[in-house]
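Participant: I'd like to ask some things about the structure below.
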Amino acid sequence: MDSLSPERRSWNMSRIRAKDTEPERIVRSLLHGLGYRFRLNRKDIPGKPDLVLPKHRVAIYVHGCFWHRHAGCKLAYSPKSNTAFWEKKFEGNAKRDREVQSLLAEAGWKQIVIWECETKRPDRLAATLKSLLPRVPRPKQ
């Protein structure tokens, strides 16, 4: 049994964004500060990655821990009501993620998944991004 009315639940769910989320903005800011240039939500690439570095053939996904089931994360809790719906929803998300990963790998793209909880520590995330991405030469002054 849901503790919220159907109208209130609908209103809550309508506020969940798919693009331009706070974690995405944090990652974009870090990448820009590191000297990378990128494109957003390219529709011509499987899975419409949140960020694309075309020059380096890198697709970056910023996954919400809840929606994409980040293993071991406290944000990946399971709702107590309507459990059958949520299990099916989460399984579908995981299946789609696997399909997109295999399509991108076949097309020769490097993929990076950044979890929502990782954006809480920008200093650590910046170091991770530096280690995962090819170096960007700094302009000569």
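Readers should treat all values here as calculations from the given coordinates under stated rules, not as data from a laboratory. The structure displayed is predicted, hence computed values, not measured ones. Cβ placement follows ideal geometry from the backbone for every residue including glycine, while neighbour counts extend to all protein chains displayed.
Participant: Kindly identify the range 70-141 as rounded, prolate or oblate by the Cα gyration tensor criterion: order the square roots of the eigenvalues as a ≥ b ≥ c, call it rounded if a/c is under 1.5, otherwise compare a/b with b/c, prolate if a/b is larger, else oblate. Walk me through the numbers on the way to the answer.
Facilitator: Details: a/c = 4.66, a/b = 1.70, b/c = 2.75.
Here the range 70-141 falls in the oblate category.
Participant: On a C-alpha basis, how far is the centre of the range 85-108 from the centre of the range 13-84 in Å? Whole number, if you could?
Facilitator: After rounding, the separation between the Cα centres reads 14 Å.
Participant: Using alpha carbons only, how many degrees (0 to 90, rounded to 10) separate the axis of helix 22-33 from the longest principal axis of the chain?
Facilitator: 0
Participant: Another question about this same structure. Please give the calculated 222 nm ellipticity per residue for the chain, where each DSSP H segment of at least 4 residues contributes -39500 (n - 2.57) and the sum is spread over every residue; nearest 500 deg cm²/dmol? Please list the in-between numbers first.
Facilitator: On the way: 5 runs with 60 residues, N = 141.
The helix contribution divided over the chain gives -13000 deg cm²/dmol.
Participant: Still on this model: Measure nothing fancy, just the Cα-based angle from helix 83-106's long axis to the longest principal axis of the chain, in degrees from 0 to 90, nearest 10.
Facilitator: 20
Participant: A further question follows. Can you tell me the 0 to 90 degree angle between the C-alpha axis of helix 122-132 and the longest principal axis of the chain, rounded to 10?
Facilitator: 60
Participant: Another question, if that's okay. Which whole-number percent is the relative contact order of the chain (Cα, under 8 Å, 6+ apart)? Write out the running numbers ahead of the final one.
Facilitator: Details: 132 pairs, mean separation 36.3, N = 141.
Computed over the chain, the figure is 26 percent.
Participant: Still on this model: Just to be sure I understand, if you calculate Kirkwood radius over Cα pairs in Å for this structure, which of (i) 16.8; (ii) 29.5; (iii) 14.7 do you get?
Facilitator: Evaluating Kirkwood radius over Cα pairs in Å on these atoms matches (i).
Participant: Identify the chymotrypsin sites (Phe, Trp or Tyr not before Pro) of the range 1-81 meeting these criteria: DSSP loop state and at most 16 other C-beta atoms within 10 Å of the C-beta.
Facilitator: Working: sites: W11, Y36, F38, Y61, F66, W67, Y77; in loops: Y36, F38, Y77.
Sparse-neighbourhood loop chymotrypsin sites (Phe, Trp or Tyr not before Pro): Y77.
Participant: Another question, then. When only DSSP loop residues count, what trypsin sites (Lys or Arg not before Pro) in the range 56-122 have their Cβ near at most 15 other Cβ atoms within 10 Å? If you can, show how the numbers build up before the last one.
Facilitator: Details: sites: R57, R69, K74, K80, K88, K89, K95, R96, R98, K110, K120; in loops: R57, R69, K74, K80.
Counting only loop positions with at most 15 other Cβ atoms within 10 Å, the trypsin sites (Lys or Arg not before Pro) in the range 56-122 are R57, K74, K80.
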